[in-house]
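Asks: Below you'll find the structure I mean.
Every read-out reported here was derived from the displayed coordinates using simple, explicitly stated rules and does not represent laboratory data. Just so we're clear, the structure is a prediction, and the values are computed from it rather than from any experiment. Please note: Cβ atoms are built from the backbone with ideal geometry, for glycine as well, and neighbour counts cover all protein chains shown.
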Amino acid sequence: MKKIALFIAAATLMATGAMAQKSLVKDVEKMAGSNDVATLAGALEKITPALTNPETATNAQTWFIAGKAAFGLYDQLQGQKVIGATVDQNMMNQALNSGFEYLQKALPLDSVKETNKDGSFKLDKNGQPKVKTKYSDDIIKMLTGHINDIAGVGNEFLEASDWANAAKAYNKYCEIGTSPFAKKNGIVIADSTLAQVRFFEGYSNYNNKNFTDAFKALSLARQLGYTENQIVEYQTSALANLVQDMIDNKNYDQAYTFIDNALKSDPTNATLYDMKGFTAEIEKGFEAALPFYKQATTTNPNYAQGFFDVGRCLYLRGQEFIEKHTELNTKQLAETLVPLYREALPYLEKAKALDSANTKAGQIIDDINYKMEQMGVK
């Protein structure tokens, strides 16, 4: 009997908690319709617990009200700014960024299956349950109506070096701006604009060390034709950081797959082949890496790192031969080493010519010339 009483008490507490959260949402709904900045800011603070509470977090109404309050706060601050009043710019920008996030979460939740009096679902002509929405029209109007504002907010965050929020704002501009409902409402964004915004999104993520999203955004920008601001270098560097992390965790197959997928859309990027060679060298040794390094040099005849890596691997092949054959004399070693060094030198010399800062190339060249002299070869 005692256990039953405890169970009933717990159930009562849960029900009370759920009712409290739903009551909170209704209270905030009234506040979200205000034109007062303080009231709207209070509404956003007050509804925060409902965004994570299981009883309200899956309800479109919760997210819609939060979004409405956030958009209202942004609009009121923007209105004050237009007439010359001093406003909290960061609060204004954060409000719109959050508002987009809230409404994006509300939209897919705003679909309810219509029911008959007996509780069964009403069916459409295709025999599928009919679905009605309550907030979607308002959500779409708010999102599309502020599409240019969110890009401006991204610029504000970028100038402030708030990389995470800048990336979020730019992503929202691109995702909402190219959505079917945006096009249906007459919003058409030129590819050149999308490409530039995707670059800024990727650049922001890169500076925030979110290399996964940086690579995705920069790849999209390049697909749209963006070629400015050293985008290839940023994209490749983002990928290199991702691959390095995979290698550090010995996820070699994942690294190969990631590089191969990148090569499908960017087959003339010599750095990707060099990166694949680096992965192979860490996992299996320089012999496994050599074909990829050579491919990097044929892909781009001016790619210094590729030429250095080929020359370095050929030099290492010679070092390995020397270590394994201590019984051979200088003349016997020369039969294998001289052709090998002659193959390596042009690669190393070109690497040095393309990148004068590469002192290692010069050091290997000097060592090869010394060994060649010892073997009586000029």
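Asks: Need one word for the range 200-290: rounded, prolate or oblate. Basis is the Cα gyration tensor (sqrt eigenvalues a ≥ b ≥ c); a/c below 1.5 gives rounded, then a/b vs b/c decides. Show your work: numbers first, answer last.
Replies: Details: a/c = 2.45, a/b = 1.65, b/c = 1.48.
The shape class here is prolate.
Asks: Right, next: Using only the alpha-carbon atoms, how far is helix 37-47 inclined from the longest principal axis of the chain? Give it as 0 to 90 degrees, nearest 10.
Replies: 80 degrees
Asks: With axes computed from alpha carbons, what is the tilt in degrees of helix 136-145 against the longest principal axis of the chain, rounded to the nearest 10 within 0 to 90?
Replies: It works out to around 50 degrees.
Asks: Let me ask you something else. Along the charge dipole of the range 279-342, Cβ charges K/R +1 and D/E -1, which of 325, 288, 306 sits furthest on the positive end?
Replies: It is 306, whose Cα lies furthest towards the positive end.
Asks: Using alpha carbons only, how many angstrom separate the centre of the range 235-259 from the centre of the range 266-286?
Replies: 10 Å
Asks: How much length is gained if the chain between residue 159 and residue 360 is pulled fully straight, taking 0.36 nm per residue apart and subtracting their Cα-Cα distance, in nm to one decimal? Please list the in-between numbers first.
Replies: Values: separation 201, 0.36 × 201 = 72.36 nm, distance 3.93 nm.
Stretched out fully, the residue 159 to residue 360 stretch lengthens by 68.4 nm.
Asks: Longer than 27 Å from Cα to Cα, which of 264/284; 172/276; 216/352 are they? Say none if no pair is. Before the final figure, lay out the partial values.
Replies: On the way: 264/284 24 Å; 172/276 33 Å; 216/352 33 Å.
Pairs exceeding 27 Å: 172/276; 216/352.
Asks: Quick one: grab the alpha carbon gyration tensor of the range 49-108, order the square roots of its eigenvalues as a ≥ b ≥ c, and give me rounded if a/c is under 1.5, else prolate or oblate depending on whether a/b is larger than b/c. Provide the component values of the computation, followed by the final result.
Replies: Working: a/c = 3.31, a/b = 2.79, b/c = 1.19.
In terms of gyration-tensor shape, prolate.
Asks: Ranked by Cβ crowding within 10 angstrom, fewest neighbours first, how are 117, 331, 276, 371 ordered?
Replies: Lowest count first: 117, 331, 371, 276.
Asks: Same structure, new question: Report the Cα-based extents of the range 302-378 along its three principal axes, largest first, to the nearest Å.
Replies: 39, 22, 17 Å, listed from the longest principal axis down.
Asks: Which semi-axis lengths, in whole Å and largest first, follow from the square roots of five times the eigenvalues of the Cα gyration tensor of the range 127-194?
Replies: Details: eigenvalues 157, 38, 21 Å².
For the range 127-194, the semi-axes come out at 28, 14, 10 Å.
Asks: Please report 124, 149 as a ranked list, fewest other C-beta atoms within 10 angstrom at the top and most at the bottom.
Replies: Numbers: 124 11, 149 20.
Exposure proxy ranking, most exposed first: 124, 149.
Asks: Next question. Roughly how many nanometres apart are two label points built 7 Å out from the Cα toward the Cβ at residue 342 and residue 230?
Replies: 4.1 nm
Asks: Another one. If the chain between residue 122 and residue 188 were fully stretched, how many nm would it gain, using 0.36 nm times the residue separation less the Cα-Cα distance? Present the calculation step by step, with values, prior to reporting the outcome.
Replies: Details: separation 66, 0.36 × 66 = 23.76 nm, distance 3.60 nm.
That works out to 20.2 nm of additional length.
Asks: Give the calculated FRET efficiency between residue 132 and residue 30 to the nearest 0.05, with a Förster radius of 30 Å applied to their Cβ-Cβ distance.
Replies: Numbers: r = 24 Å, r/R0 = 0.81.
It comes out at approximately 0.80.
Asks: Separate question: Using only DSSP helix segments of four residues or longer, with each worth -39500 (n - 2.57), what per-residue ellipticity at 222 nm results for the chain after dividing by its residue count and rounding to 500?
Replies: Numbers: 17 runs with 282 residues, N = 378.
So the calculated ellipticity at 222 nm is -25000 deg cm²/dmol.
Asks: Can you compute the modelled spin-label distance between residue 209 and residue 353, with each label point 7 Å from Cα toward Cβ, in nm?
Replies: Spacing of the two 7 Å Cα→Cβ label points: 4.0 nm.
Asks: Moving on to the next point. Between residue 282 and residue 265, how many nm apart are label points set 7 Å from Cα along the C-beta direction?
Replies: Going by the 7 Å Cα→Cβ label model, 2.3 nm.
Asks: Now for a different question. When the distances between all Cα atoms of the chain are binned every 20 Å from zero, what whole-number percent does each bin get?
Replies: All Cα pairs considered, the percentages come to 21, 36, 25, 14, 4, 0.
Asks: Let me ask something else about it. Go ahead and set up a Gaussian network model of the chain, Cα springs under 10 Å, then flag whichever of 222, 312, 342 fluctuates most.
Replies: Largest GNM mean-square fluctuation: 342.
Asks: Moving on. Can you tell me the mean projection area, over all orientations, of the convex hull of the range 281-339's alpha carbons? Units nm², please. Walk me through the intermediate numbers first.
Replies: On the way: hull surface 18.3 nm².
Here the figure is 4.6 nm², rounded to one decimal.
Asks: Want the number for residue 85 to residue 114: 0.36 nm per residue separation, take away the alpha-carbon distance, what's left? Mind dumping the intermediate values first?
Replies: On the way: separation 29, 0.36 × 29 = 10.44 nm, distance 4.80 nm.
Contour length minus Cα-Cα distance gives 5.6 nm.
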